[in-house]
Amino acid sequence: MLKKRAFIFIILAGALWGSIGLFIHVMIPYGLSPAQMTCVVSFVAASVMFLYFLCCRRELFKITIRELLLFLGSGAALFFTATCNNYSLQLTSVSTAVVLMYTAPVMVMAYSVAFLGEKLTGTKLLALVSMIAGCCLVTGVLRGFSFNLYGILMGLASGIAFSAYNIFTKIQMKNKCNPVSATFYCFVFMFVISLCLSNPGEVVQIAIHKPGLLLIAIVCGVCTRILPYVLYAIALKVLPVGTASALAVVEPMTATILSVIFLHETLHLDSILGIILVIGSVLLLSRAER
């Protein structure tokens, strides 16, 4: 029963994450930089959870020094995941940015084989080749599409950062950290880091003159930060990281469908094939790690 519920939680989290691209495109006209978008959304997410803790669950504020360091690591990883992904979403397309983020498990596998002495099996090699081919297809490079190199690199960087977040979260769950507390402190550190690397004064000025931004940020914070990350952290108490990553591929599927329906993005046949290859590489790798 617990495992079945964890599967459902991961799928729901992936679907909610898949809506991030829509919120980013809504916030772009407000003039926020990618780091400032991360700052606003993480502030909302941390504030909402802080109020909940204060009113209902004050015991969740208590953490150890070890937990504090782990939460700092996951907060930093999540900041770079979100900010790099925001850059990629603006410079490429929703489907491209999300798919590039999901190359992370395969890139970590390649690093482990090259530098950590991990054995390269046939399944892992197939996953690596599939990922490389999928990236080439989804960016449109084979049909002479003029792609944004910086946007592609930011998408890949978000994938690396997301892998680090997965690792920190799994360590937290193995150390029996409360998943709700872990999510809250992750958002707190994510906000603190974004506060240092963005221009908060400019964000305040924009929020004052354009009050609609706050409403968008609240909805975005709850739907794409609080709910999915709490669900994901709870599920990782039961499921291996590889299995969780495989189930979360519902995110690129959701993001692609939403971008076509609401943002009128065009999907070419090679892009669709590229998405299938990248998702397939993640599924292959997750089977190899079980």
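Data overview
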item	result
Hits in the range 167-189 (condition: surrounded by fewer than 23 Cβ atoms within 10 Å (Cβ to Cβ), in contact with a helix residue (DSSP H, G or I) (Cβ under 9 Å, 6 or more places away or on another chain) and assigned to a helix (DSSP H, G or I))	167, 168, 170, 171, 173, 179, 180, 181, 188, 189
First in the range 262-290 and within 14 Å of residue 128 (Cβ to Cβ), second anywhere and modelled with pLDDT of 80 or more and open to solvent by 90 Å² or more (accessible area, probe 1.4 Å), Cβ under 7 Å, 6 or more apart	284/126
The range 80-93 residues that are touching a residue at least 40 places away in the same chain (Cβ under 8 Å) and small (Gly, Ala, Ser), paired with ones that are part of a helix (DSSP H, G or I) and surrounded by fewer than 24 Cβ atoms within 10 Å (Cβ to Cβ) (beta carbon under 8 Å, 6 or more apart)	88/151; 88/152
Number of the condition not met by residue 42 [criteria: (1) among the small types (Gly, Ala, Ser); (2) more than 30 Å from residue 266 (Cβ to Cβ); (3) more than 21 Å from the chain's Cα centre (by Cα)]	(3)
Residues that are open to solvent by 50 Å² or more (accessible area, probe 1.4 Å) and of a type in the set (Gly, Ala, Ser), drawn from the range 76-118	114, 117
Answer residue from the range 122-162, given it is closer than 30 Å to residue 68 by Cβ and open to solvent by less than 10 Å² (accessible area, probe 1.4 Å) and is modelled with the lowest pLDDT among those	159
Any hit, the range 51-62, residues being of a type in the set (Asp, Glu) and closer than 21 Å to residue 166 by Cα	no
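The values are calculated or read from the model by the stated rules, or taken from the named source; none is laboratory data. Keep in mind that what you see is a predicted model, and the values were worked out from it rather than measured. Counting neighbours? That spans all protein chains shown, and the Cβs are built from the backbone with ideal geometry, glycine included. The accessibility values were calculated without ligands, DNA or RNA, using every heavy atom of the protein model including side chains. Shrake-Rupley method; radii C 1.70, N 1.55, O 1.52, S 1.80 Å.
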